[in-house]
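Trainee: First the structure, then my questions, so here it is.
The values are calculated or read from the model by the stated rules, or taken from the named source; none is laboratory data. Keep in mind it's a predicted model, so treat the numbers as computed, not measured. With ideal geometry, Cβ positions are generated from the backbone for all residues, glycine too; neighbour counts draw on all protein chains shown.
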Amino acid sequence: MENTDDDDISASVLKKTNHPEADVRRIKDGEIIEEVQLKSTDQPEPVRKHLEKYPDIPVAATDEVASKMEGIGHSGFSDADLGKQVTSALEELADDDPISHAEDVIATSGLISAAVQGRAVL
């Protein structure tokens with residue numbers, strides 16, 4: 001985990017979780033030293049499209065894709081497992097009155113996205 005390994009490099013998740021170029025920045029002495037795009041998918045095509053458009057920004061992908069594509073970092077997550085976690089969280093919220101919990105659904109999906117993206121690179 002980047003922010004707990006006692007070196008002088010830190011990592012931060014960009015505010016927008018759907019940033020087109022990168023999702024995480026690695027920082028040293030206040031300077032961005034690397035940006036990484038995170039992909040949660042079971043198909044290689046989104047990764048290929050990213051690399052065509054942003055060849056200088058590396059990708060860390062879920063296991064289904066990272067294990068099949070050379071040079072792609074592993075996020076440490078499975079796309080299938082992430083899908084189950086999100087579905088479970090949304091179903092749990094839906095068991096209650098969905099109108100009164102709309103803000104919780106939005107907040108939860110954003111938190112899950114940020115946590116997954118941050119954990120993958122940190």
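Trainee: Under the condition of being in a loop (DSSP other than H, G, I, E, B) and of a type in the set (K, R), which residue from the range 1-40 is modelled with the highest pLDDT?
Mentor: K15
Trainee: Taking the condition among the polar types (S, T, N, Q), under 16 Å from the mean Cα position of the chain (by Cα) and not in a strand (DSSP E or B), does Q43 pass?
Mentor: So Q43 passes the test.
Trainee: If you don't mind, there's one more thing I want to ask. Which members of the range 48-76 meet the condition of being more than 21 Å from P20 (Cβ to Cβ), at pLDDT 90 or above and either in contact with a Cys (Cβ under 8 Å, 6 or more places away or on another chain) or outside any helix (DSSP H, G or I) (or both)?
Mentor: Result: S67, K68, E70, H74.
Trainee: Further question on the same structure: Note down all Cβ pairs under 9 Å where the first residue falls in the range 6-35 and is under 13 Å from V59 (Cα atoms) and touching a residue at least 60 places away in the same chain (Cβ under 8 Å), the second is outside any strand (DSSP E or B) and among the acidic types (D, E), and they're at least six residues apart or on different chains.
Mentor: From the range 6-35, the pairs are V24/E2.
To keep it simple, each residue is scored yes or no on (1) touching a strand residue (DSSP E or B) at 6+ places or on another chain (Cβ under 7 Å); (2) surrounded by 15 or more Cβ atoms within 10 Å (Cβ to Cβ).
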residue	(1), (2)
E34	yes, yes
V47	yes, yes
D56	no, no
A66	yes, yes
I72	yes, yes
S88	no, no
L93	no, yes
